[in-house]
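FYI, it's all coordinate maths here, none of it is from the lab. Note that the structure is a prediction, hence the values are computed from the model and not measured. When we count neighbours, we look across all protein chains shown, and the Cβ atoms used for this are built from the backbone with ideal geometry, even at glycine.
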Amino acid sequence: MSFTNTIFLILEDEAILRTTKTKPIVDAIKSRNKISFFYSGPRKGKDSVKSGNRIDAEAVALGLSKKGNLIVRAYVQPPSVSKKGFNKTGWRTFMVSRMGNLKVSDEKFDQKRPDYKEGDDRSMSVTYVTTDWTNKPEVKKPRIIKPKPEVPSAAPTTEPSVEPTTTTQEPKTTELPQPKPKAKPEKIVEPTKAEPQTSEPEQKPEELPQPKSTEKPVANPEEDEENKNLQESIKNIKRLMFT
């Protein structure tokens, strides 16, 4: 391999490690910070992987697989998702291209898991970054807050105590129960019977037809004179008969 090709490969590797996606992973591997991410692996064939969240994974190496894919070696445990389970081992390899929603935790890991081997990863054709075990993670000391000196408070002024005045209580006379006055029986007022009301209207008596008053005949002056003459003649006849 020529010198130019070697320089080109070195620059290419540096460019890979400084992308927005790989740089947080590289920093977490070096400083031993736990990472969490969502992994969407292949769902078909023998290499099918169950998609889901990997929580607090301990990434220890990053490099190229034998197929040329950029991968991460990490140790995972429940509640992380896994198709095979974690009974045999917790070591897994993840393709960086399938890792999403990456979160780097402030929590560090300082324990070498079983079957861990330092140095280059044998499953990788090229190992770019491995965990640095020489530096121990810094342990933050608890902040000690010194108590503030108490300021002596002014002595409270004592007020003169007032002696309680004893009052003699007069014995109470027990009142005998008094007979209750007999209440007079109240008069029971019988309710007045209401006259039945007829819903029909009162009928007025029918008036019978009254006889018409006979009108007096109008006097005739000629007839009156004849009557007078007749009566005088009758009187003269009576006189002659009785004389």
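With respect to the cross-link table entries Lys66/Lys103; Lys66/Lys88; Lys30/Lys112, which display a Cα-Cα separation exceeding 19 Å? Beyond 19 Å: Lys66/Lys103; Lys66/Lys88. The average projected area of region 3-130, computed from the convex hull of its Cα atoms over all directions, is 8.4 nm².
Across region 59-81, the residues whose backbone nitrogen lies under 14 Å from the label position 7 Å along the beta-carbon direction of Ser125 are 63-71. Ordered by the count of other Cβ atoms within 10 Å of each Cβ, fewest first, Asp121, Asp27 give Asp27, Asp121.
Sequence-ordered 3J(HN,Hα) estimates for region 223-231 from the Karplus curve with 6.51, -1.76 and 1.60 and θ = phi - 60° stand at 5, 4, 5, 5, 4, 5, 5, 5, 5 Hz, glycine and proline given as x. Estimated at 0.36 nm per residue, the fully extended path between Ser36 and Arg113 surpasses their Cα-Cα distance by 25.9 nm.
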